[in-house]
1. Could you say which residue among 14, 30 is open to solvent by 60 Å² or more (accessible area, probe 1.4 Å), within 22 Å of residue 141 (Cβ to Cβ) and at pLDDT below 90?
2. Give 122, 180, 146, 133 a once-over and let me know the one that is basic (Lys, Arg) and either touching a Ser or Thr at 6+ places or on another chain (Cβ under 6 Å) or within 20 Å of residue 213 (Cβ to Cβ) (or both).
3. Residues to consider are 337, 320; find the one that is of a type in the set (Val, Ile, Thr) and out of contact with any strand residue (DSSP E or B) (no Cβ under 8 Å at 6 or more places or on another chain).
4. Name every residue in region 45-78 that is assigned to a loop (DSSP other than H, G, I, E, B) and under 18 Å from residue 321 (Cβ atoms), in order of residue number.
5. Please state which of the following conditions residue 158 fails to meet, knowing it meets all the rest: (1) surrounded by 20 or more Cβ atoms within 10 Å (Cβ to Cβ); (2) of a type in the set (Gly, Ala, Ser); (3) in a helix (DSSP H, G or I).
6. Tell me which residues, restricted to region 71-119, are touching a helix residue (DSSP H, G or I) at 6+ places or on another chain (Cβ under 7 Å), open to solvent by less than 10 Å² (accessible area, probe 1.4 Å) and small (Gly, Ala, Ser).
7. Name the residue that is farthest from the chain's Cα centre (by Cα), counting only residues in region 134-151 that are in a strand (DSSP E or B) and crowded, with 21+ Cβ neighbours inside 10 Å.
8. Within region 246-261, can one find any residue that is more than 25 Å from the chain's Cα centre (by Cα) and of a type in the set (D, E, K, R)?
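The values are calculated or read from the model by the stated rules, or taken from the named source; none is laboratory data. Small disclaimer: the values here were computed from a predicted structure and weren't measured. Cβ atoms come from the backbone with ideal geometry, glycine included; neighbour counts cover every protein chain shown. Only protein heavy atoms, including side chains, enter the accessible area calculation; ligands, DNA and RNA are left aside. Shrake-Rupley method; radii C 1.70, N 1.55, O 1.52, S 1.80 Å.
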Amino acid sequence: MFGQDLMGSGPGATYTKAEMSVETKAKAATKKPAAHPNTWVYFDGEFGRYHDIKLGLMTHALHYGTGVFEGIRAYWNAKQEQLHLLQAPAHYDRLRRSANIMRFHLPHSTEELVNITVELLRRNEFKSDVYVRPLLFTASEQIGVRLHNIGHSFLVYSIPFGNYVEIEGGLRCMVSTWRRVPDQSLPARAKVTGSYAQSALAKSEANEAGYDEAIVLTVDGHVSEGSAENLFMIKDGTFVTPPVTDDILEGITRTLIMGLIKDELGLPVVERSIDRTELYTCDELLLCGTGAQVAPVIEVDRRMVGNGKVGEFTQELQNIYFGAVRGETPKYKDWTIPAY
């Protein structure tokens, strides 16, 4: 019952005005138009409309965080009138690995998943940058924490999407008081929906303290990653990034950036543990990921990184990266798949 002023019980019960007002407000809320556009989506083997997909309140993943997902970008090139889908096979291969860790079965081959995604983009006729979200989750409407003997659903939806974080002026970051969940507790190399509760805690802590983003340490105090981004620092002409054993997500953008550093900048990349104070003394610092793209960091814990401006190497990486993902650099043509 909504309140304590229940008069009687059973079919003849009466309720207070306060209780009735709750009911009235609830009914009024259901009449509000949906905020999300009624785009095409893919759900359990069929294409349909966003507003036609219904998930029950008891959906298992909603309660227990038992899902795995990906984030894939597609970049619009107005001159070419083309939408470039970035690294879709690599993302779906990682989704399959995440699914295997969580004892799920991804219901399509990587090639089929890429084709489904391209068809989805075509149906929606996007002419802007787009974010694609595939999600595989426990869908049975049951109470009980487990991974076995439970049904699954798979969906893909897409939305117009700009910058997730500031990529031009630079980010002001804080080292979060929240630590990265260790792989021994929750698989860091799988994109599990439930593990992003830690990311949300770190992100909100940073934002509410006046910062743009959080940097999270491992349980033993080494730098792991941003709230949802991989990290590179530059010191004396060498790029350094935490190893996969420091509880990072094995980022696809991270791999692309490592290639660009070696091939385009001609600089070495070292994978090793990073101490917190190294963030205060490095020459440049950047975060990267599908959402973040290539995002320069200009301040950590109220200490300037370098000269407090976007670094030379970071700026060059940004320029090369955005040319490649928008299909403007022939040598990186294999990074993307044209949707139209």
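1. After ruling out the rest, the residue left standing is 30.
2. 180
3. Working: 337 fails: out of contact with any strand residue (DSSP E or B) (no Cβ under 8 Å at 6 or more places or on another chain).
Going through 337, 320 in turn, the sole match is 320.
4. Passing the criteria: only 71.
5. The number of the failed condition is (3).
6. 74, 88
7. Going through region 134-151, the residues in a strand (DSSP E or B) turn out to be 134-138, 141.
Subset that is crowded, with 21+ Cβ neighbours inside 10 Å: 134, 136-138.
Working: 134: 11, 136: 14, 137: 16, 138: 19 Å.
So the residue we want is 138.
8. no
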